[in-house]
């Protein structure tokens, strides 16, 4: 019992938002002078926290802690953080920082867990480096993110309180906090990249370890810096990702071979991913987690189905066995130019696919389920619209990533 009490005290210590605020101050981030005292007085009668915001679905206070008229430090730097268009939170944010370098560095770390990074990293890996590696990375990423999102909505811990934390980002503020899925992704992807590529690619092991350590550390620390997670959230995400990686790494080859070769794989893949999105969890109030989960599952299903069609049609994207192990020493100006051209053309196709499917699926879902679509933001928060829109849209993006774009490259001579 004494051990459990110590662990409980340690967990409470690591979850303390004051530790997050202390890390922010160490990195030179401060809110306007006097804002914390004023916010604490305003928060005196606030109800329970629901999905990262106060009860009643009102979101966090305007400005996430800024106080009008507060006397700020001399180096105040006014910024408007990235926010989700589906939330009603005020995007204005005022804070001061002594180091713009750290702000941009940790902003980069945060982007390593966002859609912009995924839509560049996975296509580049599949189209230009090693499709075999890219498919397996996506399989691991889907399971890590899916389990992380579901766990958040089971545990239902709120985001760190503001004040004392300064919120530098509000995009995922409506979600619960434990565990940090950014930390899970930032741990699983570099470690899986190292496990899957070492021996298949020629590079020093020390280089891979240093890259994985820097990648993981940057993403994890960025979530504390941005005020979105407690230290405990990040540590839990790190350990949870390692646990999932240990469990799924031995079977990732079996999953990939099943996706490629089994006759009825597309039917099973689509049904399984759809069922996981519908029955995995329910929300006490709307948040971005349900749509993000459907988006992740849809992307994974699309990539798996695209891989199966490639296999059936004989479109070989994997490097020939006689070229293994692969090496980066063959990089030339021509090879680099083709890689950038493939990425540019391919990402444009993916974005056009996303926009077209979004324009088609939202009105169609509203019509089928008889939901008014005068206010698109509110319509997209309904489960009947959100799940099919996200699943179908990103399913087609994943299918385009794995089949349509490589077929286009083969047709125009860029493969």
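Tabulated results
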quantity	calculated
Residue in region 359-374 that is within 20 Å of the chain's Cα centre (by Cα), within 28 Å of residue 267 (Cα to Cα) and buried (at least 18 other Cβ atoms within 10 Å of the Cβ) present	no
Qualifying residues in region 381-406 (those that are assigned to a helix (DSSP H, G or I) and out of contact with any helix residue (DSSP H, G or I) (no Cβ under 6 Å at 6 or more places or on another chain)) - the one farthest from residue 359 (Cα to Cα)	406
Meets criteria (more than 26 Å from residue 135 (Cβ to Cβ) and in contact with a helix residue (DSSP H, G or I) (Cβ under 9 Å, 6 or more places away or on another chain)) for residue 234	yes
Scope region 318-334; condition farther than 21 Å from residue 257 by Cα, part of a helix (DSSP H, G or I) and either touching a helix residue (DSSP H, G or I) at 6+ places or on another chain (Cβ under 9 Å) or at pLDDT below 80 (or both); matching residues	328, 329, 330
Test set (1) more than 23 Å from residue 277 (Cα to Cα); (2) outside any helix (DSSP H, G or I) - residue 187 fails condition number	(2)
Candidates 346, 277, 291, 300, filtered to the one that is in a helix (DSSP H, G or I), under 26 Å from the mean Cα position of the chain (by Cα) and under 17 Å from residue 132 (Cβ atoms)	300
Number of the condition not met by residue 149 [criteria: (1) over 14 Å from the mean Cα position of the chain (by Cα); (2) crowded, with 19+ Cβ neighbours inside 10 Å; (3) modelled with pLDDT under 90]	(1)
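The values are calculated or read from the model by the stated rules, or taken from the named source; none is laboratory data. Fair warning: this is a prediction, and the values are worked out from it, not measured in the lab. Note that we place each Cβ from the backbone using ideal geometry, even for glycine, and neighbour counts take in every protein chain shown.
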